[in-house]
Amino acid sequence: MKVLVVGGGGREHALVWKLAQSPTVSGIIAAPGNAGIARLAETTPIPAHDIEGLVRLAEERECGLTVVGPEVPLTLGIVDAFRARGLTAFGPTRAAARIEGSKSFAKELMRRAGVPTASARTCTSREEAAAAAGEIGYPVVIKADGLAAGKGVVIAADGHEAETAIDDAMVRQRFGRSGDTLVVEECLRGEEASILAITDGRKAALLAPSQDHKRALDGDRGPNTGGMGAYAPAPVVSEETLADVERSIIGPTLEGLAEMEGAEYRGVLYAGLMMTDGGPKVVEFNCRFGDPETQVTLPLLEGDLAEIMMSAASGDLDPSAVGARPRHAVCVVMASGGYPGQYEKGKLVEGIDSAEAMNDVVVFHAGTRLEDGATVTSGGRVLGVTAWDASLADAVKRAYRAVDSISFENEYHRTDIAHRALSRQNTGQGTGP
Ligand code: AMP
Ligand code: GLY
């Protein structure tokens with residue numbers, strides 16, 4: 001079977017890498033892909049939002065399965081367009097993708113299904129939003145309802161900051177139409193974790209819990225980024241807690257979606273959780289794999305990913321086909337100096353081959369392209385250097401040894417990926433599997 005993978009970041013490289021190991025996959029096409037993906041797949045410069053172009057490609061090249069990485073084509077209805085032409089695509093329909101595309105929709109769904117989450121109010125005017133913030137109390141979280149490329153959330157410390165955030169969204173339209181409606185919600189405290197559940201809409205298989213590192217600098221300082229590294233399994237989610245998440249969060253959410261016309265959820269459901277004193281609560285749902293969480297969860301997945309995705313997309317998932325390797329995985333993102341602000345592109349990347357010559361190391365490309373046969377930088381997050389080992393501490397060491405052999409001008413990375421889990425181990429709290 002030929003597989004089409006839509007997208008061109010580190011997440012999609014990890015998907016292509018895992019799919020390429022599947023005996024049922026005869027070839028992979030990636031649109032648009034990147035320099036690393038091009039080593040494993042044919043790449044074609046069709047952007048991820050060109051749904052008609054992608055349908056045509058899948059038809060012409062007879063792709064038996066299409067896997068969609070980013071949220072934008074999913075919320076635009078790429079899966080509906082594929083299904084209408086009799087093509088199989090792994091991912092939720094447009095109606096089901098609203099779980100990420102509209103925060104107020106997700107909140108209403110959680111309220112009806114009794115899923116634990118921050119208490120919130122959906123507001124359509126600035127007066128209403130300011131009043132809601134005052135009632136909830138500070139700090140308060142103010143979120144643009146629609147997609148905002150990860151920038152639509154502000155944690156406001158007081159009324160003045162809340163008002164600025166509300167006016168940025170509703171008056172200055174910083175997020176376009178995405179900010180016409182705001183969700184104003186209670187600020188949750190605790191450690192965050194990400195759960196990825198592969199589902200056919202009824203049955204679900206939870207992958208290893210992971211933890212992202214969103215801040216640019218060591219010690220979780222500096223501006224927010226798309227993610228500077230991740231590790232899995234995250235011991236903050238014990239096996240008991242994971243079972244609770246499946247029972248009280250994933251299950252009722254899928255049931256709630258299945259009750260809505262056209263919204264039965266097939267694909268991967270990403271639950272961003274806060275581990276509060278009162279148990280796990282949902283911070284956000286995403287309708288896709290996480291980036292860089294995928295780079296650490298797929299190396300720990302035992303099983304044929306293409307078959308698992310085919311069965312989920314066809315409504316016939318066998319959760320026992322989704323196994324877990326008894327390993328720990330760590331991904332360190334190597335970024336362009338200046339990111340998440342302004343940065344330069346086109347820097348020559350050296351040393352990838354020697355990093356990949358190490359055992360149990362894979363270098364996922366996020367922002368690279370080929371220039372006269374050489375790999376050069378083309379984005380803020382450039383590489384996700386990933387390693388696995390029997391213990392988390394050894395996986396961390398292995399990943400950083402690999403990072404040390406790679407270089408490009410103005411490169412920077414965090415040196416403390418997995419610090420929460422490591423300090424938890426040092427203080428003798430739960431050690432995870
Ligand atoms: P989101 O775009 O919903 O993923 O939010 C981005 C980030 O904002 C999350 O990963 C959290 O770190 C933070 N955040 C969102 N909602 C809350 C909340 N209710 N309480 C505390 N932090 C939050
Ligand atoms: N790592 C966060 C996300 O994929 O949304």
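When only Cα pairs below 8 angstrom with a gap of at least 6 residues are kept, the chain shows a relative contact order of 16 percent. Helical runs assigned H by DSSP (4 residues or longer) give the chain a calculated mean residue ellipticity at 222 nm of -8500 deg cm²/dmol, each run adding -39500 (n - 2.57) before division by the residue total.
Suppose accessible area is computed on protein heavy atoms with a 1.4 Å probe; arrange SER407, SER22 from highest to lowest.
Sorted by accessible area, descending: SER407, SER22.
This model, with +1 at the C-beta of Lys and Arg and -1 at the C-beta of Asp and Glu, gives the stretch 155-247 a dipole about its Cα centre of some 400 debye. Largest to smallest in accessible area, the residues MET170, MET228 fall in the order MET170, MET228 (1.4 Å probe, all protein chains included).
Dipole magnitude for the chain: computed about the Cα centre from +1 point charges on Lys and Arg Cβ and -1 point charges on Asp and Glu Cβ, it is near 100 debye. Counting protein heavy atoms only, the stretch 257-304 has 38 percent of its accessible area on carbon and sulfur, 1.4 angstrom probe.
May I ask you to list the GluC sites (Glu not before Pro) in the stretch 188-261 that are in a DSSP loop and have at most 14 other Cβ atoms within 10 Å of their Cβ? Here the GluC sites (Glu not before Pro) that fit, given the DSSP loop and packing criteria, are GLU259, GLU261.
How many Å² of accessible area per residue for the chain, probe 1.4 Å?
Each residue of the chain exposes 40 Å² on average to a 1.4 Å probe.
Note on LYS151: lysines with a C-alpha under 17 Å away, same-chain residues under 8 apart excluded, are LYS103, LYS143, LYS214. In terms of packing, defined here as the mean over residues of other Cβ atoms within 10 angstrom, the peptides 341-349, 25-33 line up highest first as 25-33, 341-349.
Ordering LEU242, ALA204, ILE51 by the projection of their Cα atoms onto the charge dipole of the chain, which places +1 on the Cβ of Lys and Arg and -1 on the Cβ of Asp and Glu, puts ILE51 at the extreme positive end. Judged by the gyration tensor of its Cα atoms, with axes a ≥ b ≥ c, the chain is rounded; a/c sits under the 1.5 cut.
The values are calculated or read from the model by the stated rules, or taken from the named source; none is laboratory data. None of the values given here were measured: they were computed from a predicted structure. Please note: Cβ atoms are built from the backbone with ideal geometry, for glycine as well, and neighbour counts cover all protein chains shown. The area values use the complete protein model at the heavy-atom level, side chains included, leaving out ligands, DNA and RNA. Shrake-Rupley method; radii C 1.70, N 1.55, O 1.52, S 1.80 Å.
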